[in-house]
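The values are calculated or read from the model by the stated rules, or taken from the named source; none is laboratory data. Small disclaimer: the values here were computed from a predicted structure and weren't measured. Heads up, the Cβs are rebuilt from the backbone with ideal geometry, glycines too, and the neighbour counts pull from every protein chain shown.
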Amino acid sequence: MERRESHSPFQRLPELLLDIILLGIMWTLTSLGVVTVGASTAALNDSMRAAVVDQEKKPLPIFFRAFREHFSLATKVWLLHLIAIAVLTLDILYYSAGDSVQDTLAMTAVCVLATMLAFEMSVVFACIVHYRPVTVRACFAQAFDLAFRCFWDSLQLLFITAAVMMAGIFLFHGILPFAAGMIACAHWKLMPRIFQKAHFRKPQKRT
């Protein structure tokens, strides 16, 4: 891998902007099949980590390599999320039409589950890149553990995602093709600190 020489943030800004645009567009193109969203998101995280954290000069080849490397696990994880989102959406539509106490309680439970899923989804593909889990079960366990150990950091990641998407939808439509690149870049400015914090917060095993 070819790393950038150490420069001031202002000198690195044009290169980083180019990476954001290129990687964001590649994510959009490789996500058009819907089924491939998981692999493309894992690849985006891997290549953006290389650009932001490792200061890699050419993160685009890393995107394609990571897409192939993470395809199997990331696709399974994404499809399970897709099923969960569909079920929760149907539940919300169903229970929102009711007016009984049971409907209200069920709606509250569904909203709690949806919130938990949103927190987990904010870090799950970064966990695939960082921890390199072998199984889907390990991936979910690591993502939920990280999301709730670092609750306020996960909330910050969700806020960044929502802010960029809202800006693209309602204010600056031109950023939508590479909005994923912007989100991933902002996330990986924070993720190293989040992973380090989660590591130090893990309880020590008794000997």
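Miscellaneous remarks
To keep it simple, each residue is scored yes or no on (1) surrounded by 15 or more Cβ atoms within 10 Å (Cβ to Cβ); (2) at pLDDT 95 or above; (3) part of a helix (DSSP H, G or I).
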| residue | (1), (2), (3) |
| --- | --- |
| W27 | yes, yes, yes |
| G33 | no, no, no |
| A43 | yes, yes, yes |
| L79 | yes, yes, yes |
| L93 | no, no, yes |
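- I175 over 20 Å from L13 (Cβ atoms) and of a type in the set (V, I, T): no
- Of V136, V123, all but one fail to be of a type outside the set (S, T, N, Q) and farther than 20 Å from P192 by Cβ; the exception is V136.
- Inspection of the range 48-62 identifies at least one residue that is in contact with a Phe, Trp or Tyr (Cβ under 7 Å, 6 or more places away or on another chain), modelled with pLDDT of 95 or more and within 25 Å of C150 (Cβ to Cβ).
- Screening the candidates A162, A186 for the property of being in a helix (DSSP H, G or I), among the aliphatic types (A, V, I, L, M), loosely packed, with under 14 Cβ neighbours inside 10 Å and modelled with pLDDT of 95 or more yields one hit, A162.
- The single condition from (1) touching a residue at least 12 places away in the same chain (Cβ under 8 Å); (2) loosely packed, with under 15 Cβ neighbours inside 10 Å that A86 fails is (1).
- Filtered residues of the range 132-159 (kept if under 23 Å from A66 (Cβ atoms), in a loop (DSSP other than H, G, I, E, B) and not basic (K, R)): P133, V134, T135
- Residue count for the range 62-110, restricted to those that are among the polar types (S, T, N, Q) and closer than 26 Å to V129 by Cβ: 2.
The rows are residues; the columns are (1) in contact with a Leu (Cβ under 8 Å, 6 or more places away or on another chain); (2) among the hydrophobic types (A, V, I, L, M, F, W, C); (3) farther than 23 Å from A42 by Cβ.
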| residue | (1), (2), (3) |
| --- | --- |
| W78 | no, yes, no |
| L82 | no, yes, no |
| A114 | yes, yes, no |
| L155 | no, yes, no |
| F170 | no, yes, yes |
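- Cross-chain or 6+ apart pairs with Cβ under 9 Å, the range 97-117 first and surrounded by 13 or more Cβ atoms within 10 Å (Cβ to Cβ), then at pLDDT below 90 and of a type in the set (S, T, N, Q): D103/S96; M107/S96
- Test: residue in the range 94-117 that is closer than 19 Å to T75 by Cβ and of a type in the set (A, V, I, L, M, F, W, C): yes
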